[in-house]
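Inspection log for the structure reproduced underneath, given as structure tokens.
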Amino acid sequence: MNSCYEETFRVRTYETDHHGVVRPVAILNYLQEVAGNHAEQLGFSVNNLLPRGLTWVMSRSHVCFLRDAAVGEDLLVRTWPSGRRGLHAMREYEIFAADGQQVAVGTSSWVIVDLESRRPVRIDKVIPSYPLISRRALDDDFKALPRLEASDYELDFRVRLGDLDINQHVNNVVYAAWALEVLPEAWQQQYRPASIEIAYRAEALFGDRILSRVQSCADGVAPGFLHQLSSGLDGRELTRLRTVWRKGDVQAL
């Protein structure tokens with residue numbers, strides 16, 4: 001079994017933003033894709049687990065965006081499992097441009113969930129051991145993200161069929177898209193995300209109404225925001241996020 005997995009993605013026009021550079025959500029999709037493909041190679045992907053009434057669910061994610069990538073660029077995405085902590089399996093990511101420069105780094109935490117009980121199960125009880133590389137791409141102990149206390153901006157979304165994944169709940173990348181979408185267009189013309197942290201707390205299903213809220217939390221060094229996604233029906237908190245932003249360094253196309 002290979003402890004490290006690599007795959008190359010070419011940035012497509014529909015994955016770029018108004019600056020002509022790859023969108024953060026496209027990067028998150030690349031990471032999700034390589035995680036699933038590596039798990040398939042190792043023999044315990046979602047497709048392997050579903051017949052047993054089990055599935056993988058991401059619980060935490062932290063990605064830093066280090067360099068822009070333009071349409072047509074080939075990006076090498078590397079991933080490896082780095083360890084286990086209780087019920088959680090850790091997975092790391094690195095993305096490189098063709099010139100060897102790092103485009104992004106990330107880390108994530110996953111759990112295996114019983115689909116009937118909707119509760120996590122012990123990983124060592126349901127899948128065999130697999131090779132680990134202890135190196136972290138991004139050092140994060142996944143402390144609890146702050147709860148949003150008040151909002152500067154809010155926006156409603158409705159869960160569409162196209163937002164669902166194979167587990168029949170909202171795909172984890174969609175939450176990030178909803179969180180980023182709330183910030184004003186004028187802001188996003190001038191700034192782009194430098195990092196995004198996501199803590200998944202509950203699932204959303206088809207037809208649910210989602211309230212996306214954001215609050216400024218600038219630390220004096222770089223502008224940042226706290227984000228919260230909650231159920232528009234009962235107020236149940238679905239996701240907490242934290243983003244840090246940097247000034248854009250390319251001209252809009």
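The values are calculated or read from the model by the stated rules, or taken from the named source; none is laboratory data. Keep in mind it's a predicted model, so treat the numbers as computed, not measured. We place every Cβ from the backbone using ideal geometry, glycine too, and count neighbours over all the protein chains shown.
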*Given (1) without any contact (Cβ under 8 Å) to a residue 24 or more places away in the chain; (2) farther than 29 Å from I210 by Cα, index of the condition K143 fails*: (2)
*Residue check, R67 farther than 29 Å from K247 by Cβ, charged (D, E, K, R) and surrounded by fewer than 20 Cβ atoms within 10 Å (Cβ to Cβ)*: no
*Where a residue in segment 197-208 is under 18 Å from L28 (Cβ atoms) and its partner, wherever it lies, is of a type in the set (S, T, Y) and surrounded by fewer than 19 Cβ atoms within 10 Å (Cβ to Cβ), with Cβ under 9 Å and at least six apart*: A204/S231
_Pair list, Cβ < 7 Å and 6+ apart or interchain, from segment 110-128 residues that are under 17 Å from M90 (Cβ atoms) to residues that are among the small types (G, A, S) and buried (at least 19 other Cβ atoms within 10 Å of the Cβ)_ = W110/S59; W110/A89; V111/S59; I123/A89
_Failed item in (1) within 29 Å of V11 (Cα to Cα); (2) basic (K, R); (3) modelled with pLDDT under 95, with K125 passing the rest_ = (1)
*Say we look at segment 82-102 and pick out the residues that are closer than 15 Å to E6 by Cβ and in contact with an Asp or Glu (Cβ under 8 Å, 6 or more places away or on another chain); which of these is surrounded by the fewest Cβ atoms within 10 Å (Cβ to Cβ)?*
A98
*Quick one: which residue in E203, E185, E181 is more than 24 Å from R118 (Cα to Cα), under 18 Å from the mean Cα position of the chain (by Cα) and of a type in the set (D, E)?*
E181
*Taking segment 1-39 as the search range and keeping residues that are within 20 Å of S109 (Cβ to Cβ) and touching a Pro at 6+ places or on another chain (Cβ under 7 Å), which one is surrounded by the fewest Cβ atoms within 10 Å (Cβ to Cβ)?*
S3
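I need a count of the residues in segment 185-223 that are more than 26 Å from T107 (Cβ to Cβ), outside any strand (DSSP E or B) and touching a strand residue (DSSP E or B) at 6+ places or on another chain (Cβ under 9 Å).
The total comes to 6.
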*Just need a number here: residues in segment 122-159 that are buried (at least 16 other Cβ atoms within 10 Å of the Cβ) and among the aliphatic types (A, V, I, L, M).*
7
_Return the pair list, or none, for Cβ contacts closer than 7 Å from residues in segment 40-60 that are buried (at least 18 other Cβ atoms within 10 Å of the Cβ) to residues that are of a type in the set (G, A, S) and assigned to a strand (DSSP E or B), at least 6 apart or on different chains._
M58/S108; S59/S109; R60/S108; R60/S109; R60/A199
